[in-house]
1. Just give me the residues in segment 154-165 being away from the ligand (no atom under 11 Å from the Cβ) and touching a Ser or Thr at 6+ places or on another chain (Cβ under 6 Å), in sequence order.
2. Any residue that is part of a strand (DSSP E or B) and more than 20 Å from S147 (Cβ to Cβ) - is there at least one of those in segment 181-197?
3. Report yes if L98 is closer than 30 Å to R168 by Cα, modelled with pLDDT of 95 or more and touching a strand residue (DSSP E or B) at 6+ places or on another chain (Cβ under 7 Å), otherwise no.
4. Considering every residue within segment 57-67, establish whether at least one is at pLDDT 95 or above and over 21 Å from T197 (Cα atoms).
5. Go through (1) in a strand (DSSP E or B); (2) at pLDDT below 95 one by one and return the number of the condition E219 breaks.
6. Which of the residues belonging to segment 166-188 are within 16 Å of the ligand (Cβ to nearest atom) and of a type in the set (A, V, I, L, M)?
7. Can you name every residue in segment 143-163 that is over 20 Å from E112 (Cβ atoms) and not in a loop (DSSP other than H, G, I, E, B)?
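The values are calculated or read from the model by the stated rules, or taken from the named source; none is laboratory data. These numbers come from a predicted model, not from an experiment. Note that each Cβ is placed from the backbone with ideal geometry, even for glycine, and that neighbours are counted across all protein chains shown.
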Amino acid sequence: MNMTPITAITALAFLALGAVACQSDTAGERVDDSVRTSQQGLDNEEGEQGQMEPISGSDEDQSQSKTGEESADTIDAGDVPPVGSELELSEGEWRERLTDKEYRILREKGTERPGSGELLDNKRKGIYYCAACGAPLFSSRAKYDSSTGWPSFYATYEPGRVAKKSDRSMGMERTEVLCDRCDSHLGHVFDDGPEPTGKRYCINSKALDFKSVEEITSESEE
Ligand code: FE
């Protein structure tokens, strides 16, 4: 079809208007997405939105704690060994209980390759338990992306769950993190974490068992 110059200009004007309209729609979606993302961040209580330890209580408390700096984390860890309880097993019993990889990390202070852990990018809401004894150690609320290649937390689940020990191996001066209940090696803690604690608990995925809130709830209903 042949267009006169006027028809062509009119058609171009319509096309240009259409393009502007699409851009505004897209921009609108972007704004909505960012709002949604930031809301999800609050809902999931991930990253740096959480508060100081201890971390325990009910879901109802959790909604109230979103703005309260001093509120406790409220993900219920279910039926767990009490703080201060101990589990001592022989090396043979540990070998039987753990896989080779778990044994290497938990009982021989091994370290998994950065970026290789299956819990590194886990963003589900729940609790990270000791893979050796089942004690609750960390909550999803305190998990954040440290870009180090290991799951990182800025706080423990509650006081008394994790023990610390000076570690001068490999020519470095570090602080080792162990499960207080069974003395298994978890990783290390550093002072370069985010607010509110400034701590970075750098933990091996293999040292942790994760359970989502749904899994914990359905287990406690059984
Ligand atoms: Fe343990």
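1. Start the filter on segment 154-165 by keeping residues that are away from the ligand (no atom under 11 Å from the Cβ), which leaves 154-160, 164-165.
Passing the criteria: Y154, A155, Y157, E158, K164.
2. As a first pass, look at segment 181-197 and keep what is part of a strand (DSSP E or B): 185-190.
From what's left, more than 20 Å from S147 (Cβ to Cβ): 185.
Yes: one or more hits.
3. On the way: closer than 30 Å to R168 by Cα: yes; modelled with pLDDT of 95 or more: yes; touching a strand residue (DSSP E or B) at 6+ places or on another chain (Cβ under 7 Å): no.
In short, no.
4. So in segment 57-67, the residues at pLDDT 95 or above come out as none.
Within segment 57-67, not a single residue is at pLDDT 95 or above and over 21 Å from T197 (Cα atoms).
5. E219 satisfies every listed condition except (1).
6. Here is the first cut: in segment 166-188, the ones within 16 Å of the ligand (Cβ to nearest atom) are 176-187.
Result: V177, L178, L186.
7. Scanning segment 143-163 gives a single hit, A163.
Condition check ((1) surrounded by fewer than 19 Cβ atoms within 10 Å (Cβ to Cβ); (2) within 20 Å of A77 (Cα to Cα); (3) more than 12 Å from the chain's Cα centre (by Cα)) across all residues:
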| site | (1), (2), (3) |
| --- | --- |
| Y144 | yes, yes, no |
| V162 | no, yes, yes |
| S166 | yes, no, yes |
| V189 | no, no, yes |
| K206 | no, yes, yes |
| F210 | no, yes, no |
| S218 | yes, yes, yes |
